[in-house]
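A short write-up of the structure that comes next.
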Amino acid sequence: MFPAALESKRVFQRMRRFIMCARGDSEVTELSEKLYRSSGKFVAARLIAAAVAALAIVGGIIAPRAAFADSTTYSTSKRQFKVGNLLIESTATDASQAAFPGGAENPDPFVFYIADARTDVKPQNWDLINPLAPATVTSEILTRWTIRNSGLIPFQLGQKITKNMAPYWEVSLNNTSLADLLQYDLLFITNHRDVSFTPAEREKLRKLVDGGGIVWIEDCGNMRIRPGGTFFLEELQFRNEGSTAGAGPNINQPSHPILNTPYKLTFQEIANLGDKNYANFYISKMLQNEQASPNRGDSGRGTGVPNGNTLINVVGNNAAGNQPYIAAGNYGSGAVIATAGDSGCDINDYAGGIANSIGSGGNS
């Protein structure tokens, strides 16, 4: 699945159109040159493995819902997956931290666009869509993304919204009814900030998952869940602290669908998931001193699998004593996936980068 040819400059050139969307040839060529450097941070296997992981998460959890004959290779029936980036408005309005420009943070707006565009690793006939995507650019969308784009106007009022535009994939938790949210196969939550879920947000997420929804929540780097505003799985916390010695995967559940559907990931591919390289990133229970504090809790290493009656430690981080790096589990009729490695940025940051910063990403 990952032959040596995938590392070649020729393949990068072939991939360039979807990676950089509408960028010019000179910019795309510069990006491909930077990606190809073996000493660089962004190597081909990491990008491809991250894209496959996103698809594996979708396919592995959703697959039991319906019987399809070998969709990976032979099926001619189209499989449409309804996905979106779920915006948590409380991250923009929490008075105890600076408001995020433009409203709720969405650091990886192109993650599903790229996953959908990767026909070289996406199973045949899979189609990722946002069923509630806005049809055209409204004044609200234009204002939000102009602020996000440092004042540069990215769209035109009334412009048709398509998959290669960030607003296409956005879904507001607060402004979308539970009935509408329940039509989605997968909703992705990620940011860099302190998160304090309101009681209404927490209960809506709980009902969403209990009713059959799948929520993927990921640390984009420095995301912390405040004890006064927990996720509906109230023990869940993200961390990056302690030594990085021995960082790498400990595969606790080698047969788990996330690692095997629609493709079986090798050890090296699992080791390359995300842009954090395991380091000292992991998932844990809330610490006792966090329970009494309204602020970010990074003092001491949290231990144990959070909400162990729901979440399974699929892949642990050896540097953190096998604390979860990827955890997943069923809740009611749905499921929760929690990841600490920032796979979203590893996919997204190849698209939508800002001018004069080719390869750095402009959305994180």
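The values are calculated or read from the model by the stated rules, or taken from the named source; none is laboratory data. What you see is a predicted model, and the numbers here were worked out from it, not measured in a lab. Here Cβ is always computed from backbone atoms with ideal geometry, including for glycine, and neighbour counts include all displayed protein chains. All accessible areas refer to the heavy atoms of the entire protein, side chains included, with ligands and DNA or RNA removed. Shrake-Rupley method; radii C 1.70, N 1.55, O 1.52, S 1.80 Å.
Worth a mention:
- Assigned charges on the beta-carbon of Lys, Arg, Asp, Glu; the stretch 77-181 dipole about Cα centre (debye): 420 debye
- In order along the stretch 313-318, the Karplus-derived 3J(HN,Hα) couplings, from 6.51 cos²θ - 1.76 cosθ + 1.60 at θ = phi - 60°, round to 7, 6, 9, x, 9, 4 Hz, and Gly and Pro are given as x.
- Legend: residues 267, 281, sorted from most to least accessible area (1.4 Å probe; ligands, DNA and RNA excluded), read 267, 281.
- Karplus 3J(HN,Hα) series, Hz, for the stretch 140-150 with 6.51 cos²θ - 1.76 cosθ + 1.60 (x for Gly, Pro): 5, 5, 4, 5, 4, 7, 5, 5, 4, 9, 6
- Whether the stretch 179-226 is rounded, prolate or oblate, judged on the alpha carbon gyration tensor where a/c under 1.5 counts as rounded: oblate
- Cα gyration tensor shape for the stretch 204-266, rounded if a/c is under 1.5, else prolate or oblate: oblate
- Converting phi to 3J(HN,Hα) with the Karplus coefficients 6.51, -1.76 and 1.60 and the offset θ = phi - 60°, the stretch 264-277 yields 7, 7, 6, 4, 5, 5, 5, 5, 9, 5, x, 9, 8, 6 Hz in sequence order, with x at every glycine or proline.
- Distance violations [Cα-Cα > 32 Å] among 163/207; 78/285; 160/276; 204/276; 163/285: 78/285; 160/276; 163/285
- Considering only the stretch 165-295, percent of DSSP beta bridges that pair antiparallel, nearest 5: 40 percent
- Residue 308 sits among other residues whose Cβ lies under 15 Å from its own Cβ, and their net charge, with Lys and Arg +1 and Asp and Glu -1, is -1.
- Among 121-133, 189-201, the peptide with the highest mean count of other Cβ atoms within 10 Å heads the list, and the full ranking is 189-201, 121-133.
- A cut-off of 5 Å between modelled amide H atoms, ignoring neighbours fewer than 5 places along the same chain, links residue 126 with 79.
- Accessible surface area normalised per residue over the stretch 197-276 is 35 Å², counting heavy atoms of protein chains with a 1.4 Å rolling probe.
- Amide hydrogen neighbours beyond the local backbone of residue 225, cut-off 5 Å, H modeled: 195, 238
- Label point distance in nm, residue 78-residue 178, each placed 7 Å from Cα along Cα→Cβ: 3.2 nm
- Prolate/oblate/rounded label for the stretch 169-310 (Cα gyration tensor, a/c 1.5): oblate
- Total formal charge among the other residues, if their Cβ is under 14 angstrom from that of residue 138, Lys/Arg +1 and Asp/Glu -1: 0
- Selected from 280, 227, 243, residue furthest toward positive end of dipole (the stretch 202-287; charges at beta carbon): 227
- Under a 5 Å amide H cut-off, with hydrogens placed 1.01 Å from N, residue 87 pairs with 171, 172, 173 among residues at least 5 apart or on other chains.
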